[in-house]
1. Identify the residue in segment 153-200 that is in a loop (DSSP other than H, G, I, E, B) and aromatic (Phe, Trp, Tyr) and, among all such residues, is nearest to residue 142 (Cα to Cα).
2. Answer with yes or no whether residue 219 is part of a strand (DSSP E or B), away from the ligand (no atom under 14 Å from the Cβ), closer than 24 Å to residue 325 by Cβ and of a type outside the set (Val, Ile, Thr).
3. Within segment 24-43, is there a residue that is free of Cβ contacts under 8 Å to residues at least 12 places away in the same chain, in the same structural domain as residue 148 (by TED's automatic domain parsing) and in contact with an Asp or Glu (Cβ under 9 Å, 6 or more places away or on another chain)?
4. Sort out which residues of segment 238-258 are within 14 Å of the ligand (Cβ to nearest atom) and within 16 Å of residue 270 (Cβ to Cβ), and write them in order of number.
5. Any idea which of 298, 304 is at pLDDT below 95 and either within 14 Å of the ligand (Cβ to nearest atom) or within 30 Å of residue 28 (Cα to Cα) (or both)?
6. Of the residues 225, 209, which is free of Cβ contacts under 8 Å to residues at least 24 places away in the same chain, farther than 25 Å from residue 109 by Cβ and of a type in the set (D, E, K, R)?
7. Give me the residue from segment 72-104 that is aliphatic (A, V, I, L, M) and more than 18 Å from the chain's Cα centre (by Cα) and, out of that set, surrounded by the fewest Cβ atoms within 10 Å (Cβ to Cβ).
8. Just to check your reading of the model, which residue among 197, 202 is surrounded by 22 or more Cβ atoms within 10 Å (Cβ to Cβ), of a type in the set (Gly, Ala, Ser) and within 25 Å of residue 77 (Cα to Cα)?
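The values are calculated or read from the model by the stated rules, or taken from the named source; none is laboratory data. This structure is a prediction, so every number in the text was calculated from the model and none was measured. So basically every Cβ, Gly included, is an ideal-geometry build from the backbone, and we count neighbours across all protein chains shown.
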Amino acid sequence: MSVSPLQFPVTRTTKSKLEGIDWENLPFGKVFSDHMFVMEYADGNWQHGEILPFGPIQMHPAMSAIHYGQSIFEGMKAYRNLGKEVILFRPELNAQRFIESASRMCMPPIPETIFLEAVRQLVSLDSDWVINKQGYSLYIRPFMFATDEFVGIKPSETYKFVIICSPVGAYYSEPVKVKIEEFYTRAAVGGVGRAKAAGNYAASLYPAKLAQQAGYHQLVWTDAKTHSYIEESGTMNILFVINDKLITPSEEADTILRGTTKRTVLDLAKSWGVPIEERQVTVDEIIEAAKNQTLQDAFGAGTAATIAPISVIGFKDQQFQLPSLESRTLSLKLKNHLEGIKIGSIEDAQNWVQKVC
Ligand SMILES: *Cc1c(COP(=O)(O)O)cnc(C)c1O
């Protein structure tokens, strides 16, 4: 058998950490699998990548990513299905979004095939970390950052692309209380909100902390200019059900991160004949619907939690309690259906699932 040029060399760890994992008390995002993928960009090209034992990365104190923030990431998951195979869910969407994020941040894009092969080969090597336990998965974190050793502002000429993996259990335990933000801004038109750029998350921490001090779990972001249009919820996309219609802010403005979970949810709902509106969504109409009880459901959509039901919406000095979880038939059906496709109990009619091994 000939070796594919996309076969990445592997240096195996001498001691797997798998034995010592306490699966019942798995903290989110703090435990990492045995290996990582690393690839460098230099001399105008991506060099050959390799898989190494998981471990620290050396950095120069002037490394440009730390100073000027050329740093992007992705978030995806590997699941174990009922047939004990390890699968990825629509990974090409992550690869494509990584290219878009890179372009926006003036960083060298990674060809889709290389991104996908790197993910597959790493996950395949660490496949024992994708355990066969309900709600568990292997969170995959590809990221890229600028590595020039230079304190001066310009696009870096060198970069590092790394992929690490972290086994996770169910993400959210309880429905979330959210506050509609009227002052702070996640993303402005013409800014970098559409990119999964590291700095976007740094900018969100302070307003999110204020919301937490006021008793909320997270914020609902509104448009930067008027704060009268809904954009996202925390680091998830947001969807509403009003009068049996599934309504979500359109992604035409470049202020909204184009989520794979939200896209999948819309694709599924559309295939079931659910009326869908992707358009500007005003704060006023959501508050109005909450008041007159036509707001049947509100939820966040993202890879980490899949679907995170919202229990309370806070706006100005008022709080609106949403209907009971049991009554939210559409989002429950969406969540179960998505889970079913991933674990293989429901037919994958759209070919979203890709087998790793
Ligand atoms: C990652 C992310 C999402 C969700 O995207 P998925 O592809 O569904 O995981 C939504 N909003 C923001 C701001 C994000 O960073």
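1. At the first step, the residues of segment 153-200 found to be in a loop (DSSP other than H, G, I, E, B) are 153-158, 169-175, 181-196.
So of that shortlist, the ones also aromatic (Phe, Trp, Tyr) come out as 171-172, 183-184.
Working: 171: 19, 172: 22, 183: 32, 184: 28 Å.
Among those residues, the one meeting the criterion is 171.
2. Details: part of a strand (DSSP E or B): yes; away from the ligand (no atom under 14 Å from the Cβ): no; closer than 24 Å to residue 325 by Cβ: yes; of a type outside the set (Val, Ile, Thr): yes.
Against the criterion (part of a strand (DSSP E or B), away from the ligand (no atom under 14 Å from the Cβ), closer than 24 Å to residue 325 by Cβ and of a type outside the set (Val, Ile, Thr)), residue 219 does not qualify.
3. Narrowing segment 24-43 to residues free of Cβ contacts under 8 Å to residues at least 12 places away in the same chain: 24-25, 27, 43.
From what is left, the residues that are in the same structural domain as residue 148 (by TED's automatic domain parsing) are 24-25, 27, 43.
Among the residues that remain, those that are also in contact with an Asp or Glu (Cβ under 9 Å, 6 or more places away or on another chain) are: 43.
There is at least one residue in segment 24-43 that is free of Cβ contacts under 8 Å to residues at least 12 places away in the same chain, in the same structural domain as residue 148 (by TED's automatic domain parsing) and in contact with an Asp or Glu (Cβ under 9 Å, 6 or more places away or on another chain).
4. So the first thing to find is which residues in segment 238-258 are within 14 Å of the ligand (Cβ to nearest atom), and the list is 238-239, 248-249, 251, 253-258.
The answer is 239, 248, 251.
5. Numbers: 298 fails: at pLDDT below 95.
Residue meeting the stated conditions: 304.
6. Numbers: 225 fails: free of Cβ contacts under 8 Å to residues at least 24 places away in the same chain.
Exactly one of 225, 209 is free of Cβ contacts under 8 Å to residues at least 24 places away in the same chain, farther than 25 Å from residue 109 by Cβ and of a type in the set (D, E, K, R), namely 209.
7. Just the residues of segment 72-104 that are aliphatic (A, V, I, L, M), to begin with: 72, 76, 78, 82, 86-88, 93, 95, 99, 102.
So of that shortlist, the ones also more than 18 Å from the chain's Cα centre (by Cα) come out as 82, 86.
On the way: 82: 10, 86: 23.
Per the stated criteria, the residue is 82.
8. Numbers: 202 fails: surrounded by 22 or more Cβ atoms within 10 Å (Cβ to Cβ).
197 is the lone residue from the list that is surrounded by 22 or more Cβ atoms within 10 Å (Cβ to Cβ), of a type in the set (Gly, Ala, Ser) and within 25 Å of residue 77 (Cα to Cα).
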